[in-house]
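The next block holds one structure in the form of structure tokens; read it before the comments.
The values are calculated or read from the model by the stated rules, or taken from the named source; none is laboratory data. Being a predicted model, the structure only gives us computed values, none of them experimental. Cβ placement follows ideal geometry from the backbone for every residue including glycine, while neighbour counts extend to all protein chains displayed.
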Amino acid sequence: MFFDLASFLPGLITLENENYLAAKIFRMANINLIFIQMEFIFHLFLYSKGFNKKKIEGVTDLIKIITFTMLFAHLMACLWLYIGYSDEQEGWVYINDDFDPENHWHIYIFSFYWVIEVITTVGYGDYSGSTTYEYIYSMGLMVSISK
């Protein structure tokens, strides 16, 4: 379970080894199995601690929601990174003086922050897209998350 989760997450945040990107994304098909195994482990652990079935289901549902939200944010951050790197003239990675395009970890953390910001609030002012594709992606993310 943890091997499956750990095997595809780090590879998606780097731009190295692009030949294996499709294989890394394909591994995400196992995410449902990870959730099933996680739920089973939590049931065993929490039942041994004296929790009743209703509380166990509440805790596992909360953990699944948090995990899914972080996974969704990660994937959207990776897509935001891809869009930002795709235009070396006007992409958000290149036009902002705050970023070093070679520091992938710093830019990934910012990208993850940006996605969380868009998910939790509709509207932001510190950074936004600068190309047509970035604007379209931003609008799509805001519309898909809003209620």
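Scan the stretch 117-126 and tell me whether some residue there is among the charged types (D, E, K, R), exposed (fewer than 13 other Cβ atoms within 10 Å of the Cβ), without any contact (Cβ under 8 Å) to a residue 60 or more places away in the chain and more than 30 Å from GLN37 (Cα to Cα). It would help to see each step written out before you state the result.
Just the residues of the stretch 117-126 that are among the charged types (D, E, K, R), to begin with: 117, 126.
From what is left, the residues that are exposed (fewer than 13 other Cβ atoms within 10 Å of the Cβ) are 126.
Then keep just the ones that are without any contact (Cβ under 8 Å) to a residue 60 or more places away in the chain; that gives 126.
Those still in the list that are more than 30 Å from GLN37 (Cα to Cα) too: 126.
For the stretch 117-126, residues among the charged types (D, E, K, R), exposed (fewer than 13 other Cβ atoms within 10 Å of the Cβ), without any contact (Cβ under 8 Å) to a residue 60 or more places away in the chain and more than 30 Å from GLN37 (Cα to Cα): present.
Among the residues that make up the stretch 50-57, is at least one of them of a type in the set (Gly, Ala, Ser), assigned to a helix (DSSP H, G or I) and either within 25 Å of GLY129 (Cβ to Cβ) or modelled with pLDDT under 85 (or both)? Working first, answer last.
Initially, the stretch 50-57 is screened for residues of a type in the set (Gly, Ala, Ser), giving 50.
Then drop every residue that is not assigned to a helix (DSSP H, G or I), which leaves none.
No, that holds for no residue.
If I ask for residues that are of a type in the set (A, V, I, L, M), closer than 20 Å to THR132 by Cβ and in contact with a helix residue (DSSP H, G or I) (Cβ under 9 Å, 6 or more places away or on another chain), which ones from the stretch 78-108 would you list? Write out each step before concluding.
Residues of the stretch 78-108 that are of a type in the set (A, V, I, L, M), as a first pass: 79, 81, 83, 93, 95, 107.
With the extra rule that they be closer than 20 Å to THR132 by Cβ, the set shrinks to 79, 81, 83, 93, 95.
If the condition is that a residue be of a type in the set (A, V, I, L, M), closer than 20 Å to THR132 by Cβ and in contact with a helix residue (DSSP H, G or I) (Cβ under 9 Å, 6 or more places away or on another chain), then LEU79, LEU81, ILE83, VAL93 are the ones that fit.
One line per residue, one yes/no per condition, for (1) surrounded by fewer than 15 Cβ atoms within 10 Å (Cβ to Cβ); (2) modelled with pLDDT of 80 or more; (3) of a type outside the set (D, E, K, R); (4) in a helix (DSSP H, G or I):
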site: LYS24; (1), (2), (3), (4): no, no, no, yes
site: LEU33; (1), (2), (3), (4): yes, no, yes, yes
site: PHE45; (1), (2), (3), (4): yes, yes, yes, yes
site: ILE63; (1), (2), (3), (4): yes, yes, yes, yes
site: ILE66; (1), (2), (3), (4): yes, yes, yes, yes
site: LEU81; (1), (2), (3), (4): no, yes, yes, yes
site: TRP105; (1), (2), (3), (4): yes, yes, yes, yes
